[in-house]
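Written out below as structure tokens is the structure these notes cover.
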Amino acid sequence: MSGAAPLSGTQHTIRAGHYTATIASVGASLRVLRFQARDLVVPFEADQVRPAYRGATLAPWPNRVVDGRYTFAGLEQILALTEPSRGHALHGLAAWLDFKQIEKGPGHVVLATTIEAQAGYPFQVGLETTYALNGSGLTQTVRATNLGAQTAPFGTGPHPYLVAGPDPLDAWTLELPADQVSAVTADRLIPTGMRAVDEDEPARFDFRVPRRIADARIDHAFTDLRADANGRYAVRVTNDSGSGVQMTWDHRCRWVQVHTADLPGTTHDRVGLAVEPMTCPPDAFNSHRDLILLDPGESTTVSWTIAAIESSADE
């Protein structure tokens with residue numbers, strides 16, 4: 001149809017300093033983030049159905065609800081299985097909603113939507129997200145408000161795939177300051193308990209000292225994060241030149257899912273490193289670990305920042 005919006009929704013481009021970002025309204029998805037001419041996240045085309053959850057805003061839960069079932073306030077809830085291959089409800093309900101613009105400036109945009117009460121999630125939650133650029137990078141802030149009359153379980157996080165440079169992911173160096181990793185079943189990624197990152201397969205999970213990712217296959221949640229001197233957690237990915245990208249956040253996200261995007265036989269295989277700060281772990285609707293409980297009228301706000309790492313030759 002002539003004049004139809006792109007498949008990823010309305011496009012919102014913002015700029016500041018050497019940074020440019022484009023946010024697609026479907027899922028309030030970070031479609032493009034560039035520093036100078038360098039991609040910091042894996043982009044996708046505007047007139048393209050977003051590949052999986054690339055850049056999406058995840059709410060009212062990040063990651064998985066196992067079997068799509070949970071009990072809250074004494075009532076069992078059954079969610080649609082949006083990860084059919086593993087039989088789980090994946091990454092919430094907001095990722096395919098169309099967020100509407102409520103404010104826009106040269107370096108920022110504010111988008112909003114409502115998660116309506118529905119089967120499996122009988123709660124009404126308003127979401128507002130701000131993307132703001134400055135010379136220090138791109139900060140996304142998510143504010144959730146319980147619009148209903150009963151307490152609502154809630155969690156959130158983003159889903160960018162970070163890019164350190166043109167070399168293959170195996171050649172990138174990862175710094176991940178986490179002491180614990182969630183063990184999962186090999187077939188369905190169901191959490192089975194916590195492990196020290198150096199207890200089992202340290203070559204796969206222990207990146208507290210920066211080193212190459214090499215052939216590690218990772219799709220796991222990490223916690224017991226070590227804060228930097230500013231009280232923030234930072235995951236950094238760099239190439240051999242020392243340039244790359246980092247993601248930072250504070251204690252409101254005590255978890256981070258890291259995924260090496262292993263999709264053998266596809267053009268998406270290991271194209272970037274998913275780094276997903278999360279307010280709660282996988283299957284938090286069942287474990288209740290770090291689950292946010294929003295009382296009627298109550299709001300919660302969380303944020304994270306993506307920024308370029310420049311090599312000494314770039315500076």
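Every read-out reported here was derived from the displayed coordinates using simple, explicitly stated rules and does not represent laboratory data. Since the model is a prediction, treat every value here as computed from it, not as a measurement. Here the Cβ positions follow ideal geometry from the backbone for every residue, glycine too, while neighbour counts run over all protein chains shown.
Ranking GLN124, GLY74, GLY92 by how far each Cα lies toward the positive end of the dipole of the chain (charges on Cβ) leaves GLN124 at the top. With the simple spin-label model, which puts each label point 7 Å out from Cα in the Cβ direction, the GLU116 to SER311 separation comes to 5.2 nm. Once Lys and Arg get +1 and Asp and Glu get -1 on their Cβ, which of ALA274, PHE285, GLY297 lies farthest toward the positive end of the dipole of the range 266-312? Result: ALA274.
Quick one: if you take sqrt(5λ) for each eigenvalue of the C-alpha gyration tensor of the range 44-129, what semi-axes come out, biggest first, whole angstrom?
Numbers: eigenvalues 143, 61, 16 Å².
Semi-axes (√(5λ), whole Å): 27, 17, 9.
Between the residues GLN36, LEU169, THR192, the greatest Cα displacement towards the positive end of the dipole of the chain, with unit charges on the Cβ of Lys, Arg, Asp and Glu, is found for GLN36. Dividing the mean sequence gap of close Cα pairs (under 8 Å, 6+ apart) by how many residues the range 86-196 holds gives a relative contact order of 15 percent. Pairs of C-alpha atoms in the range 98-234 farther apart than 27 Å represent 44 percent of all such pairs.
For the chain, with only Lys/Arg (+1) and Asp/Glu (-1) charged at the beta-carbon, what is the dipole magnitude about the Cα centre, in debye rounded to 20?
On the way: 26 positive and 36 negative charges, 102 e Å.
Once rounded to the nearest 20, the dipole reads 500 debye.
Hey, could you grab the Kirkwood Rh for the chain? Inverse mean 1/r over distinct alpha carbon pairs, Å, one decimal.
Values: mean 1/r = 0.0506 Å⁻¹.
So the Kirkwood estimate lands at 19.8 Å.
Working note: Cα atoms of the range 166-208, range along each principal axis, descending, whole Å: 35, 23, 14. The magnitude of the dipole of the range 23-95, with charges of +1 and -1 set on the Cβ of Lys/Arg and Asp/Glu and taken from the Cα centre, is near 220 debye.
Roughly how far apart, in whole Å, are the Cα centres of the range 42-86 and the range 147-203? Result: 15 Å between the Cα centres. Under the rule a/c < 1.5 gives rounded, and otherwise a/b versus b/c splits prolate from oblate, where does the range 223-315 land using the Cα gyration tensor? Oblate is the answer for the range 223-315, as a/c is 1.5 or above yet b/c matches or exceeds a/b.
To the nearest 500 deg cm²/dmol, what mean residue ellipticity at 222 nm is calculated for the chain from DSSP H runs of n ≥ 4 alone, each contributing -39,500 (n - 2.57), summed and divided by the residues?
Details: 2 runs with 8 residues, N = 315.
Mean residue ellipticity, 222 nm, calculated: -500 deg cm²/dmol.
By the gyration tensor of its Cα atoms, with a ≥ b ≥ c the square roots of the eigenvalues, what is the shape of the range 177-279: rounded for a/c under 1.5, prolate for a/b over b/c, or oblate?
Values: a/c = 1.55, a/b = 1.09, b/c = 1.42.
Note, shape of the range 177-279 comes out oblate.
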